[in-house]
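Coordinate-derived values only; no laboratory data. All figures in this text were calculated on a predicted structure; none of them were measured in a lab. Here the Cβ is made from the backbone with ideal geometry for all residues, glycine too, and neighbour counts use every protein chain on show.
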Amino acid sequence: MFYLTRSVEFCAGHRLHNPALSDQENRETYGPCNNPHGHGHNYVLEVTVRGEADPRTGMVMDLKGLKQVIHEEAVDRIDHRNLNEDVEGLRGVIPTTENLARWIWGRVAGRLPAGALYRVRLYESPRNVVDYFGEGEEGRP
């Protein structure tokens, strides 16, 4: 079994805020990420697929095709956007890195062969990283 990873970068802004919490609770929970005017990140996204190498091509998947899926389904929809307001499927969701990774998984998985998507890794910063392996047993290591 091979694991193939494509890495891409994008920029996006967001505000972490839960309307069910008081302003004080939001400040305590999210700190500076609760800035009323939002803030931005230079994200790094890694999408990992798994499978056997095709005997004809020697590849698990064509990297050009994987890049295209990642861009069409995720990056082109979120790059230089306000995640709270501009992105269908994220409106009304607290746009944490965890929730963003789950959203990316949902967009990308549907365009790949069943079971091929192994992991979505999202770096919000060099020190804050989320790994998402999908819902249920499929996609888990």
| note | Share of Cα-Cα pairs in region 47-123 beyond 15 Å, whole percent, is 57 percent
| task | Using θ = phi - 60° and the Karplus relation 6.51 cos²θ - 1.76 cosθ + 1.60, list the HN-Hα couplings for region 12-26 in order, rounded to whole Hz, with x at every Gly or Pro. | result | 7, x, 6, 10, 8, 7, 10, x, 7, 9, 6, 4, 4, 4, 5
| Can you put 48, 57 in order, fewest other beta carbons within 10 Å first? | 57, 48
| field | Estimated distance in nm for a label pair at residue 62 and residue 44, the labels positioned 7 Å out from Cα along Cα-to-Cβ | value | 2.8 nm
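Give me 5, 97 sorted ascending by neighbouring Cβ count inside 10 Å, so fewest comes first. Write down the numbers at each step before the final one.
Working: 5 14, 97 19.
Sorted ascending by nearby Cβ count, the order is 5, 97.
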| Nearest 20 debye, what's the magnitude of the dipole of the chain about its Cα centre given +1 on Lys and Arg Cβ and -1 on Asp and Glu Cβ? | 280 debye
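List the GluC sites (Glu not before Pro) within region 45-98 that fall in a DSSP loop (any state other than H, G, I, E or B) and whose Cβ has at most 16 other Cβ atoms within 10 Å. Provide the component values of the computation, followed by the final result.
On the way: sites: 46, 52, 72, 73, 85, 88, 98; in loops: 52, 85, 88.
Taking region 45-98 and a limit of 16 other Cβ atoms within 10 Å, the loop GluC sites (Glu not before Pro) found are 52, 85, 88.
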